[in-house]
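Asks: Structure in structure tokens, see below.
The values are calculated or read from the model by the stated rules, or taken from the named source; none is laboratory data. Computed from a prediction, not measured in an experiment: that's the story for all the values here. Ideal geometry is used to build each Cβ from the backbone, glycine not excepted, and the neighbour counts take in all protein chains shown. Just the protein is used for accessible areas: all its heavy atoms, side chains included, with ligands, DNA and RNA removed. Shrake-Rupley method; radii C 1.70, N 1.55, O 1.52, S 1.80 Å.
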Amino acid sequence: MTGESDLRALLSGMRPELNPGRYVFSFVTGGVPEGLAPVVTVTEPEGLTLVVPEEAADAAGLAYDYVAGWITLRAHSALDAVGLTASVSQALADAGLSCNVVAGFHHDHLFVPHEHSARAVDLLEELSRSTA
């Protein structure tokens, strides 16, 4: 199934959804620790970045310093779509919110400061309405 590439359609239909929980970015130099199920992994020359629920990181003894809320944009975006990440991150930046974006095959995922998660969803919903 091909994803949407029209920016206006993506923005008006993004339907941001806040996933329950608190998520952290951690780092290991080996593989994923036994029993841990990351929601995101990124392999870099320095090692493996893991995004995991905070309670799982605590249980595994992983260090972290950033606690995030995880927002999924429910629109099925094409991987070659142009402008969605820029538009979304600009709207959040204008409000003073950081945003770490991960593109999945079907959806884009945003990790924002946990304490501002609800506000971020409100801002994204406003962006969506103003684009419709």
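Asks: Over segment 1-111, average the accessible area per residue using a 1.4 Å probe and give it in Å², no decimals.
Replies: 54
Asks: How far, in degrees from 0 to 90, does helix 117-131 lean away from the longest principal axis of the Cα atoms of the chain, to the nearest 10?
Replies: 30
Asks: So, one more: What's the angle, to the nearest 10 degrees (0 to 90), between helix 84-94's Cα axis and the longest principal axis of the chain?
Replies: Computed tilt is about 80 degrees.
Asks: Taking the simple approach of a point 7 Å from Cα along Cα-to-Cβ for both A118 and V102, what is their distance in nm?
Replies: My value for the distance between the label points is 2.5 nm.
Asks: Non-local amide H neighbours of S98 (under 5 Å, H modeled in plane, Pro and chain starts lacking H): which ones?
Replies: For S98, whose amide H was placed from the backbone, there are no distant partners under 5 Å.
Asks: Now for a separate question. Could you tell me what fraction of 2.2 N^0.38 Å the Cα radius of gyration of segment 20-65 comes to, as a two-decimal ratio?
Replies: Rounded to two decimals, the normalised Rg is 1.03.
Asks: Suppose every Lys and Arg Cβ carries +1 and every Asp and Glu Cβ carries -1, with no other charges. What dipole size does the chain come out with about its Cα centre, to the nearest 20 debye?
Replies: The calculated dipole for the chain is roughly 340 debye.
Asks: Would you rank F27, F111 by solvent-accessible area, highest first, keeping every protein chain in place and using a 1.4 Å probe?
Replies: F27, F111
Asks: Here's something else I'd like to know. Semi-axes of the equivalent ellipsoid for segment 89-131, please: Cα gyration tensor eigenvalues, times 5, square-rooted, ordered largest first, whole Å.
Replies: Listed largest to smallest, the semi-axes of segment 89-131 are 16, 14, 9 Å.
Asks: Search the structure for amide H atoms under 5 Å from the amide H of F27, placed 1.01 Å from N in the peptide plane, and list their residues when 5 or more places away or on another chain.
Replies: L50, A63
Asks: While we're looking at this one, here's another question. Quick one: pull the percent of accessible area on the chain belonging to carbon and sulfur, 1.4 Å probe, ligands and nucleic acids left out.
Replies: Of the solvent-accessible surface of the chain, carbon and sulfur hold 52 percent.
Asks: Then there is this: Just from its helices, what would the mean residue ellipticity at 222 nm be for the chain, if runs of 4 or more DSSP H residues each count -39500 (n - 2.57) and the sum is divided by every residue, rounded to the nearest 500 deg cm²/dmol?
Replies: That comes out to -8500 deg cm²/dmol.
Asks: Could you grab the relative contact order for the chain? Cα pairs under 8 Å, six or more apart, rounded to a whole percent.
Replies: It rounds to 33 percent for the chain.
Asks: Starting from one equal scatterer on each C-alpha and no solvent at all, send me the Debye-based log10 I(q)/I(0) for segment 22-132 at q = 0.13 Å⁻¹, two decimals.
Replies: After summing over all Cα pairs, the log10 values are -0.53.
Asks: Karplus couplings for segment 103-112 from phi (6.51 cos²θ - 1.76 cosθ + 1.60, θ = phi - 60°), rounded to Hz, Gly and Pro as x?
Replies: Karplus-based 3J(HN,Hα) across segment 103-112 equals 9, x, 4, 9, 9, 9, 10, 10, 10, 10 Hz.
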